[in-house]
Amino acid sequence: MIELSSRVNTMISSPTLKLLQIKKQLQTQGKVILDFGAGEPDFSTPENIKEAGTAAIRNNFTKYTPTSGIAELKKAIRDSYQAEQAYAAKDSQIVVSPGSKYGLFLLLQAIVDPGDEVIVPLPFWVSYPEMVKFCGGRVVFADHLQPDRLFELTAASYISRCSAQTKAVIVNSPSNPTGKIMNSEELGKLIDYFYKKNILIIIDDCYRKIIYTSGEYPSPMNLVPAASEHVAVISSLSKTYAMTGWRIGYTIAPEKLAAAMTKIQEHSTSNPCSISQKAAVEALSGDQSAVQAMVEEYRRRRDYFARRVDEIGHITYALPDGAFYFFADFSHYIHIKKFRDDNQLAMDILEKLNVILVPGSAFGAPNHLRISYATSMEDIQEGLRRLEEYLRNDR
């Protein structure tokens, strides 16, 4: 038998994608599943974006493109980022990739050597540790689970974990799984500290347009102008424009780093999908009213969730600032029902209620559950009704 590499043998499967497989298996058995585990919008891709994609097919835009993205899309990215963040990126800083996940993978491959440390937030998006380890790096956690500052993203949590081996830090804002945002003051402190130590600051902001706070979203490229050569932003169209299957994301990075990422992409995927790139141009430069409507619906669902969770009681959470997840501490019910941990609770809920919730352990936070409200209000109401009944039954 062929031996697998040590790199892949140490990698664990994505817990969230594994739940998607379980869901499909249960559906083939005829079960109706309420899915609160999904990390993707329940909305359809807006019509103008779909039309741009089909027009690309009709116009035979189906050949190879430049590795780092077509000029038209780079211009749309530049214009969008200038309008939102007041930062003028250059084409040579932009790398379009098959999803922002792959963009982050390219970036880490380009900078991490064996033994390097990368500081990631805790709780973390499930792929951060696996990507770092795959590159030979060591994962260090910036702890945001402090009960007195629940899920609050602070510069101090990162700075306290810095060492001589630190190569990069990853800030996920708004956060998956907590929905919290690192404010301008904290992000400015973080960037100012780490750039002076020649450490790369990676901002994963794929949920940045799905926010509920009244203040402006921090502009990482402008907070500390002297740090521009030490900041990279990973962005996605998947969440904002309901384009998860189109697989388009982009990175704005220092030119040397962008060139290295492009080189890796040349020898892996060649280029992003040509059709998806044309759709992305329309997404970024076309009518944005569909985005506003989706965000308002997410806000309505979030507020309903908060009210119902408060009514159930004994569940600790921090109200999300953005994204579409509730991340809550279910320790009380794990204890009452005499379960071993959050994994056992989540599996029992799935088996008895046909409701999918993601165990917090997948994000480095035992005793928590991540509940996605990227699903219909009808499913949310029914799912929470079942959950309340279940939790109030001590057996």
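The values are calculated or read from the model by the stated rules, or taken from the named source; none is laboratory data. Bear in mind that the values here come from a model prediction, so they are computed numbers and not experimental data. No Cβ is skipped: glycine too gets one built from the backbone with ideal geometry, and neighbour counts run over all protein chains shown.
Inside the range 367-391, can you point out the residues that are among the polar types (S, T, N, Q) and closer than 21 Å to residue 211 by Cα?
Restricting attention to the range 367-391, the residues satisfying the condition of being among the polar types (S, T, N, Q) are 367, 372, 375-376, 381.
Once the filter is applied, which keeps residues that are among the polar types (S, T, N, Q) and closer than 21 Å to residue 211 by Cα, the range 367-391 yields 372, 375, 376.
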Practice task
With the condition kept exactly as written, say whether any residue in the range 321-333 is closer than 20 Å to residue 41 by Cα, among the acidic types (Asp, Glu) and either touching a Phe, Trp or Tyr at 6+ places or on another chain (Cβ under 6 Å) or crowded, with 22+ Cβ neighbours inside 10 Å (or both).
Solution key: yes
Completion exercise
Note on the range 277-320: residues assigned by TED's automatic domain parsing to the domain that holds residue 210 and in contact with a strand residue (DSSP E or B) (Cβ under 9 Å, 6 or more places away or on another chain) are 277, 280
Handout entry: Elements of type helices (runs of 4 or more DSSP H) contained in the range 214-300, each with 3 or more residues being surrounded by fewer than 17 Cβ atoms within 10 Å (Cβ to Cβ)
Key = 255-266
Completion exercise
Pairs returned, first residue in the range 239-250 that is under 19 Å from residue 175 (Cβ atoms), second residue that is part of a strand (DSSP E or B), beta-carbon separation under 6 angstrom, 6 or more apart or interchain, are 249/97; 249/236
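Being charged (D, E, K, R) and over 17 Å from residue 67 (Cβ atoms) narrows it down to one residue among 266, 282, 255; which is it?
282
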Fill in the blank from the handout: The condition of being surrounded by fewer than 22 Cβ atoms within 10 Å (Cβ to Cβ), modelled with pLDDT of 95 or more and closer than 23 Å to residue 32 by Cα holds, among 307, 385, 370, only for 385
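Would you check if residue 94 is surrounded by 21 or more Cβ atoms within 10 Å (Cβ to Cβ), aliphatic (A, V, I, L, M) and in contact (Cβ under 8 Å) with a residue 60 or more places away in the chain? Write out each step before concluding.
Numbers: surrounded by 21 or more Cβ atoms within 10 Å (Cβ to Cβ): yes; aliphatic (A, V, I, L, M): yes; in contact (Cβ under 8 Å) with a residue 60 or more places away in the chain: yes.
Criteria met by residue 94.
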Handout entry: Output for the range 280-311, where each listed residue is polar (S, T, N, Q) and touching an Asp or Glu at 6+ places or on another chain (Cβ under 7 Å)
Key = 285
Fill in the blank from the handout: Only unsatisfied item for residue 339, checking (1) among the aromatic types (Phe, Trp, Tyr); (2) over 21 Å from residue 33 (Cα atoms); (3) in contact with a Pro (Cβ under 6 Å, 6 or more places away or on another chain), is (3)
Practice task
Return yes when residue 238 is modelled with pLDDT of 95 or more, among the small types (Gly, Ala, Ser) and farther than 24 Å from residue 143 by Cβ and no when it is not.
Solution key: yes
Handout entry: Single condition residue 263 does not satisfy, out of (1) more than 30 Å from residue 222 (Cβ to Cβ); (2) among the basic types (Lys, Arg); (3) outside the structural domain of residue 39 (by TED's automatic domain parsing)
Key = (1)
Exercise for the section: Taking only the range 119-149 into account, find how many residues are under 17 Å from the mean Cα position of the chain (by Cα) and assigned to a loop (DSSP other than H, G, I, E, B). Expected result: 5
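Please verify whether the range 255-278 includes one or more residues that are of a type in the set (Ser, Thr, Tyr), in contact with a helix residue (DSSP H, G or I) (Cβ under 6 Å, 6 or more places away or on another chain) and farther than 21 Å from residue 202 by Cβ.
Going residue by residue through the range 255-278, those that are of a type in the set (Ser, Thr, Tyr) are 262, 268-270, 274, 276.
In the following step, the residues that additionally are in contact with a helix residue (DSSP H, G or I) (Cβ under 6 Å, 6 or more places away or on another chain) were identified as 276.
With farther than 21 Å from residue 202 by Cβ added as a condition, the list becomes 276.
Yes.
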Fill in the blank from the handout: Filtering helices (runs of 4 or more DSSP H) wholly in the range 20-118 for at least 2 residues that are in contact with a strand residue (DSSP E or B) (Cβ under 6 Å, 6 or more places away or on another chain) and modelled with pLDDT of 95 or more gives 71-85, 100-111
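Condition check ((1) touching a helix residue (DSSP H, G or I) at 6+ places or on another chain (Cβ under 8 Å); (2) not charged (D, E, K, R)) across all residues:
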{"residue": "55", "(1), (2)": "yes, yes"}
{"residue": "58", "(1), (2)": "no, no"}
{"residue": "106", "(1), (2)": "yes, yes"}
{"residue": "140", "(1), (2)": "no, yes"}
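In contact with a Cys (Cβ under 6 Å, 6 or more places away or on another chain) and farther than 13 Å from residue 252 by Cα: does that describe residue 34?
Numbers: in contact with a Cys (Cβ under 6 Å, 6 or more places away or on another chain): no; farther than 13 Å from residue 252 by Cα: yes.
Here the answer is no, as residue 34 does not meet what is asked.
Would you be able to say whether some residue in the range 37-53 is surrounded by 12 or more Cβ atoms within 10 Å (Cβ to Cβ), touching a residue at least 12 places away in the same chain (Cβ under 8 Å) and closer than 27 Å to residue 228 by Cβ?
Our first condition is that a residue be surrounded by 12 or more Cβ atoms within 10 Å (Cβ to Cβ); within the range 37-53, this holds for 37-43, 45-46, 48-53.
Subsequent filtering for residues that are touching a residue at least 12 places away in the same chain (Cβ under 8 Å) retains 37-43, 45-46, 48-53.
Now narrow it down to the ones that are closer than 27 Å to residue 228 by Cβ: none.
No: zero hits.
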Exercise for the section: Those residues that are in contact with a His (Cβ under 9 Å, 6 or more places away or on another chain) and on the phi > 0 side of the Ramachandran plot, I need them from the range 132-156; list them, please. Expected result: 151
Problem - Residue tally, condition of a type in the set (Asp, Glu) and assigned to a loop (DSSP other than H, G, I, E, B), over the range 355-394 - result: 1
